[in-house]
Structures are given as C-alpha cells and as structure tokens.
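Report on one structure; see the data block that follows.
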Amino acid sequence: MEKEQNSEEMNTGPIDGNMIAEVCEKVVTLVYATKQPDEPIEKMSQSKEDIYNRLLRKMDTASFPINPNERRKNGYLRFLLAACITLLCVQTVYWFVVKDNSNASPAIVELNVPNGITANVVLPDGTIALLNGGSKLLYPSSFGDERQISLAGEIFLDVVKDKEHPFIVKTKNLTVKVLGTRFGFAAYDDDAHTVVTLEEGSIEAFPGDNGVGSTGILLESNQQLILENQTSEFLRRNVNAYEYISWKDGILNFRNQTLREISHILERRFSVSIAIQSEEIASENYVAQFKYGENLEQILDALSYKRSWTYVKKQDGIKITKR
C-alpha cells in the first residue's frame, strides 16, 4: 500500500516549471561552454541570453497542480512539455554547433605516394586522379567555388566537367586551369622541367608560382607544354599524348630523354637509388619503350646494349659505370 501511495503522489504532484527552466539553462550553458571553452562566464551569459529568454517565454514558470482524476491529461501535458524542452535544446545545439561550423574551412587531405607504387584517388567532385611514385597531393575534403589542388610529383587527371567551377592544379613552377579534361602533369621538385601533356579538351597554363593570372598559355588536345624550371622558358609542341601518359598503364616511353632523366623515372618506378659515374654517360639520349611487367634489370640491359656503360647491383642501389 505504501508503494502505491508513493506512486500516486509522484503522479499527482506538481510539475515545477522553475526547475525545468533551470535545467534547460544548464543545458544552454553546457553547450556554449563546450563550443567556446576559452570565453569568460560573463560573455557566455550574454551570448546565450536570447535563447534562454525564448525558453522562459515559452514556459509557464509557475507550478502546475495536477488533479488525480486528470492523470491522462497530466501525461499528455508532461509529454508536450518534454517535447518542447527537447526541441529547444536541439535548437540550441544547432545554433551553437552546427550553424557556427557552417562557415568552417574544409579539412586539407595530404596524400604521399612512396616510390615503387602508384595510387588512385577520387577527389570530392568525382575527378579521378592517378599519382605516380614519389608524388605528394594536397586537396580539400570538399570543393567550393574553385576546385583547387596542389601537386609535387606526377599525376594523371580525368577531370569532371563543371563550367561554373574551374579545376586548378598548382605546382611549384606552373599552375594549370581546366574545366573538364584528361591530362598528365609531371612536376617533381628535383626535375629540370615541368611538363603538362593534354590528351583531350583544353588547358590554360600559367608559369610561375603566383597562380592563375589574366592570360595563360593555351593547350589543345595532343599538345604538350615543357617549362624550364630555372629560366621559366617554355616550349609548346604537338605530340602523341598517350606516349607521355602511358606510365599510368605500366608502360614506359622514353622519347629523346637523357640517361639522367631516365634514371629518375626508374628510381620512382622501382624504388631504387641509381648513381651514374660520369656526366658524359648521364647526358646520353635514348628512345625506347618498355611494357608492363619488364623489371629493372631487363630495362637496364636494353638501355646499355652497345653503349659505353654497364651497371652493377649493390646493396644500396644501382651504380652505372664505364665499361
């Protein structure tokens, strides 16, 4: 009997509006303190004053005596009051947390690809990027008015078309702007040249590190831009684009490249160090193609055939010397 009486007293007792208001005030204070932990209490109180006053206006701060014969009505009122409190608390959380974060800058994603492998990544707009070994890519977790990424290394991009939001790739010595196209971009920091090779579409290139300017160098399908990094001199020429972007399919094409340039490509491809004994050997030019699956020894055997040099495999890498 005593248990029933206590239960009845609990159901028939008053709902204290002042107590509920006090609890809600603590909720507001807690949310604000979580969002702004370094602000003084005085400023916190002023900042949440509007929300708290709205809370008080929507509640009757007097006690509500409940008639035992109106328990069904009491339950409905309790449910309604709880729903109002919940709604106000959620509104408070949204105001301080969600809305306040709506203007926050997107996080920057950094992707580093070690030598010896390639990596695929799908950018926030759906653009497909394939990175060669030894490359570093920076891009935001979401794009805004401009779709901008930063590159050090080599990349092949299949850019989603979006005329309203240009796609921009920034490197140390060259920036390119596209709307939707497929192209390769080689921009290793230790290379003498930065090279853009356009497979389809169009590109506007801007030499230097100042980003996109008023006038750039236009490229069309199967054209290539070679920028001399030290002097900023450039050459635009017609090419078979696939010969220069075939690395994405595991094929190596060397078109009148020096052994020094080829050695850098092989270092990134096979994650190995290659030392060349003399500048005379390093400056020799080569035209060759190697298909997917051919290993480093097969490539070096072919390149050194009837040449004045040979190579030795050492514990710390490959050494190229005169015969």
Quiz item: So is Phe183 surrounded by 19 or more Cβ atoms within 10 Å (Cβ to Cβ), in contact with a strand residue (DSSP E or B) (Cβ under 9 Å, 6 or more places away or on another chain), over 22 Å from Lys248 (Cα atoms) and in the same structural domain as Asp125 (by TED's automatic domain parsing) or not?
Solution: no
Exercise. Could you pull out the residue among Gln257, Gln230 that is in a strand (DSSP E or B) and farther than 22 Å from Val113 by Cα?
Key: Gln257
Quiz item: Is there any pair with a first residue in segment 218-235 that is farther than 14 Å from Asp191 by Cβ and exposed (fewer than 12 other Cβ atoms within 10 Å of the Cβ) and a second that is of a type in the set (A, V, I, L, M, F, W, C) and at pLDDT 95 or above whose Cβ atoms are under 6 Å apart and which are 6 or more apart or on different chains, and what are they?
Solution: Leu235/Ile226
Exercise. Select from segment 100-154 the residues that are under 12 Å from the mean Cα position of the chain (by Cα) and closer than 24 Å to Ser271 by Cβ and list them in ascending order.
Key: Val109, Glu110, Leu111, Asn112, Val121, Ala129, Lys136, Leu137, Leu138, Ser150, Leu151
Practice problem: Sort out which residues of segment 303-321 are surrounded by 11 or more Cβ atoms within 10 Å (Cβ to Cβ), part of a strand (DSSP E or B) and basic (Lys, Arg), and write them in order of number. | Solution: Lys313, Lys319
Quiz item: Within segment 225-243, which residues are in contact with a Gly (Cβ under 9 Å, 6 or more places away or on another chain) and at pLDDT 95 or above?
Solution: Ala241
Quiz item: Any idea which of (1) part of a helix (DSSP H, G or I); (2) within 23 Å of Leu130 (Cβ to Cβ) is the one Leu300 doesn't satisfy?
Solution: (2)
Quiz item: Going through segment 267-283 one residue at a time, which ones are crowded, with 16+ Cβ neighbours inside 10 Å and either free of Cβ contacts under 8 Å to residues at least 40 places away in the same chain or in a strand (DSSP E or B) (or both)?
Solution: Ile274, Ile276, Ala282
Quiz item: Does Phe156 meet the test of being aromatic (Phe, Trp, Tyr), assigned by TED's automatic domain parsing to the domain that holds Leu227, surrounded by 18 or more Cβ atoms within 10 Å (Cβ to Cβ) and closer than 23 Å to Ser232 by Cβ?
Solution: no
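The values are calculated or read from the model by the stated rules, or taken from the named source; none is laboratory data. Every value quoted in this text rests on a predicted model; they were computed, and no experiment measured them. As a convention, Cβ positions derive from the backbone with ideal geometry for all residues, glycine included, and neighbour counts pool all protein chains shown.
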